[in-house]
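This report concerns only the one structure given below.
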Amino acid sequence: MVTTNSSTEEPAEATRRGEVAPAIGLEGVAKSYRSGSETVRAVDGIDLEIARGEFFSLLGPSGCGKTTTMRMIAGFEEPTEGVVRLSGRDVNGVPANHRDVNMVFQSYALFPHMNVAANVAFGLRRRRVPKKEIKRRVDEILDLVELGPRAEHRPSQLSGGQQQRVALARALVNEPGALLLDEPLGALDLKLRQSMQVELKRIQREVGITFVYVTHDQGEALTMSDRVAVMNGGLVEQLGTPAQIYERPATRFVADFIGTGNLLPGRVENTDGAGPYRVALGSGTTALVASLPEGAGTGTEVHLTVRPEKIRIGVEDPGGELTTIPGTVSETVYMGASTHYQVALPGGAEVIVHRQNSSDATLAATRGDRVWLSWEPHHSYALP
Amino acid sequence: MSARLDVGPPTAPANGPAPTTPGTARTRPRRHVDWGRLYTWLVLAWLFTPILFMAAFSFNDPAGKHNITWQGFTLRWYGDILAYPDLTQAMLNSVSIALLTMVGAGTLGTLLGLALGRFSFRGKQLTNLVMFSAISAPEVVLGAALLSTFLMANVTTGYWTTVIAHVMFCVSFVAITVRARVITLDPALEEAARDLGAGPFTTFRLITLPMLFPAIMAGGLLAFALSIDDYIITTFVSGDVTTFPLWVWGSTRVGIPPQVNVMGTLLFAVGVAMAVVNIVMVRRRS
Ligand SMILES: Nc1ncnc2c1ncn2[C@@H]1O[C@H](COP(=O)(O)OP(=O)(O)OP(=O)(O)O)[C@@H](O)[C@H]1O
Ligand SMILES: [Mg+2]
């Protein structure tokens, strides 16, 4: 892997084996910045493979290293450790203008002294594409982003959403191996943001180009992506489909960061067989979980996680093969389609429950009422 | 205050002389003084009065050698502008030195401004300090220092030492103007160009330079203006070369001919024209 000529040999070998190299590969990529006397490790060793045509999101809180990761792929930063591969080729040391990826900047970075058409044509001109073809492709891509009539306008004459689409067109027109988008919708208001999400997804489907999408908005990442990498502190916490990440968070951080997570401290009671396993939550209550953290034994301290909408709430103990726990309603919030309950467990822990307001079953539980919470064992997991 | 609320006669009947009522109501607030406008005109008058006198006396027909009292209108001096070969030569020297200064200080100042605005390097603070001291140092001191520098280096003072001296004291002005623009440039613009396949030189030519152009123009024009009317430093370093300000100063004792006013007026007209062109170009770019 680390031999110098591997970069030229590997794609050929991969092709011979009938494999297609992933559009982007990161192998143990890390980046440290030196600020004064201390070193900041912005990215702390990431391994990723992003397939061709995939809509891949990097999701994480501010400062977790998303932009740094993206800039290493684009070629604006060199990794201090590890290898970046584009279509299997080691591109460490290759400058940005020789990499087959294009970036959409959060600030759009449209050239203010050029009109829309010239902005979009910039990349093609650099590659000496014939004039006629440039014209054709620019017109085509401007149609795709519905900005044909604006070709002669200056960026300053466009609205935020239109500028965003010019930035997208300017990158897409080059048909890059991958498109890198760093919080491209961050500057737009909520309404426009939502319609642009749909728009981006449509465009990605139509052109079939790999999208790497950076966001700190979990809703955006879950609705748009084929796969998501949840990042925290320069590391990938979990990699998977939106459903996997939402339904089966691998770490406490993911459970907490994605959606509303209930995290209840407990102690493993048994580890036999394939589960479900029992976890004591204190004050005599026990819950069933579908899985335990690796290496957990009886007595190990764990955190039980269960999504608020998986919990049923009622005034009677439903019994059966369920986790059932009594509690006291400490807060109710009416949300229209659903009602959110905050329920205090005997041990003092608080659990959030989302209940659909379907017409047939109304629950008359208010603050201070005793209720029973229950959920299927396969909806809850024990995390370290 | 209350007068402005009191619009129109309150007792006016609904079917009264309707057309006159709005008219009188509208003219009433007109009487207040627009202080901002007045102030602007006063400042402009202050700035332009000497120039107006200069231009007016280029049309004067003085009786004796001294062109200081108004005698009568004539266009003679415009036709006779080249009557003094020394003056003509001095003017040519001044303009060519100013143009060379504009190009020299423009180029060096742009590079300096770019470096100061973009990079952090050893000696950056020192460079800033030197730049500001070059601006704030008294010209007499600078001139004397430059002269002794040239003498010690065994350089004969003349045309080129004047150019070097002018570039030296103008470069800071250009650098500061350009640096101010560089700092406000979004670094993502250049990254976007690189990302789209442009090499470092192409990026500079197609993105950085056009974005800095108004600032470079402004700095260059400033250098031109500073150079063409510099007297103090020039006296020290010009050797036996005479520039326009030197010639004028030299002729004050014997009387300044109206041709000086003619040249000053024409120079001013060219300056105004260049400023207008610059403004129009900046407008068109944005
Ligand atoms: N040029 C730099 N010099 C020093 N530290 C840096 C530099 N760039 C980034 N960092 C640090 O690296 C860490 C990760 O930064 P990065 O910009 O990648 O975060 P991010 O995930 O994109 O955050 P955000 O959502 O706020 O954009 C931060 O702690 C940041 O302070
Ligand atoms: Mg970022």
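The values are calculated or read from the model by the stated rules, or taken from the named source; none is laboratory data. Predicted model, so just to flag it, every value in this text is computed and none were measured. Counting neighbours? That spans all protein chains shown, and the Cβs are built from the backbone with ideal geometry, glycine included. Note: accessible area is taken over every heavy atom of the protein model, side chains too, but ligands, DNA and RNA are not part of it. Shrake-Rupley method; radii C 1.70, N 1.55, O 1.52, S 1.80 Å.
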Computed over chain B, the relative contact order (Cα-Cα under 8 Å, seq sep at least six) in percent reads 29
Output the peptides A:141-147, B:257-263 sorted from most to least packed, where packing is the average of other Cβ atoms within 10 Å over each peptide's residues. B:257-263, A:141-147
Using only Cα atoms, locate the centre of the stretch A:337-384 and the centre of the stretch B:53-80, then give the distance between them in Å, rounded to an integer. 99
With each run of n ≥ 4 DSSP H residues scored as -39500 (n - 2.57), what mean residue ellipticity at 222 nm is computed for the protein assembly as shown after dividing by its residue count and rounding to the nearest 500 deg cm²/dmol? -14000 deg cm²/dmol
Once you have the Cα-Cα distance between residue B:231 and residue B:71, take 0.36 nm times their residue separation minus that, and quote the gain in nm to one decimal. 54.6 nm
Taking square-rooted eigenvalues a ≥ b ≥ c of the alpha carbon gyration tensor, is chain B rounded, prolate or oblate, where a/c under 1.5 means rounded and, failing that, a/b exceeding b/c means prolate? oblate
Which lysines, on any chain, are close to residue A:191 with Cα under 21 Å apart, when same-chain ones fewer than 8 places away are left out? A:201
Number of partner chain Cβ atoms within 10 Å, mean per residue of B:196-207: 5
Exposure of residue A:113 as accessible area (Å², to 10), given a probe of 1.4 Å and all protein chains: 40
Could you report the stretch A:261-335's accessible area per residue, 1.4 Å probe, as an integer in Å²? 49
If you filter the stretch A:117-183 for trypsin sites (Lys or Arg not before Pro), then keep DSSP loop positions with at most 16 other Cβ within 10 Å, what is left? A:127, A:128
Taking 8 Å as the Cα distance limit and 6 or more residues as the minimum spacing, I'd like the relative contact order of the stretch A:264-383 as a percentage. 32
Once B:95, A:214 are ranked on solvent-accessible area with the largest value leading and a 1.4 Å probe, the list reads B:95, A:214
Considering only C-alpha atoms, what is the centroid distance from the stretch A:232-302 to the stretch B:167-181, in Å? 63
Not counting ligands, DNA or RNA, and with a 1.4 Å probe, what is residue A:256's accessible surface area in Å² rounded to the nearest 10? 100
Under 16 Å from residue A:310, Cα to Cα: aspartates and glutamates that are on another chain or at least 8 residues apart: A:247, A:256, A:321, A:350, A:376
On Cα atoms only, tilt of A:6-16 relative to the major axis of chain A in degrees: 80
Sites residue A:107 and residue A:39, calculated FRET efficiency, Cβ-Cβ separation with R0 45 Å, nearest 0.05: 0.95
So how much accessible area does residue A:291 have, in Å² to the nearest 10, using a 1.4 Å probe? 20
The Cα extents of the protein assembly as shown along the principal axes, largest first and rounded to whole Å, are 123, 95, 53
Accessible area per residue, Å², the stretch A:12-252 with all protein chains present, probe 1.4 Å: 43
Relative to chain B, whose Cα atoms define the longest principal axis, helix B:35-57 and its Cα axis are tilted in degrees, nearest 10, by 50
Run the numbers on the stretch B:144-225 and let me know its relative contact order in percent, using alpha-carbon pairs under 8 Å that are six or more apart. 39
Cross-link partners among aspartates and glutamates for residue A:66, C-alpha distance below 13 Å, same-chain residues fewer than 8 apart left out? A:44, A:77, A:182, A:183, A:217, A:237
Cα-projected label distance for residue B:205 with residue A:331, points at 7 Å along beta-carbon direction, nm: 6.3
Over what distance in Å are the Cα centres of the stretch B:212-261 and the stretch A:61-119 separated? 51
Sulfur and carbon atoms: percent of accessible area, the stretch B:104-173 [1.4 Å]: 73
Segments B:45-53, A:296-304, B:186-194, A:235-243 sorted - mean Cβ within 10 Å per residue, highest first: B:186-194, A:235-243, A:296-304, B:45-53
Within 10 Å of each Cβ in A:169-182, how many Cβ atoms from other chains are there, averaged over the peptide? 1
Suppose R0 equals 56 Å; then what is the FRET efficiency for residue A:247 and residue B:40 from their Cβ-Cβ distance, rounded to the nearest 0.05? 0.20
Which FRET efficiency value, to the nearest 0.05, do you get for residue A:78 and residue A:189 by plugging their Cβ-Cβ distance into 1/(1 + (r/R0)^6) with R0 = 41 Å? 0.65
Loss of accessible area when A meets B, both sides summed, Å² nearest 100, probe 1.4 Å: 1800
Accessible-area composition of chain A, carbon plus sulfur, in percent [1.4 Å probe]: 49
Neighbouring partner chain Cβ atoms per residue of A:105-116, average, 10 Å criterion: 5
Taking the Cα atoms only, what angle lies between the long axis of helix A:116-126 and the longest principal axis of chain A, rounded to 10 degrees? 70
Two pseudo-spin positions, 7 Å from Cα along C-beta at residue B:282 and at residue B:103, lie apart in nanometres by 2.5
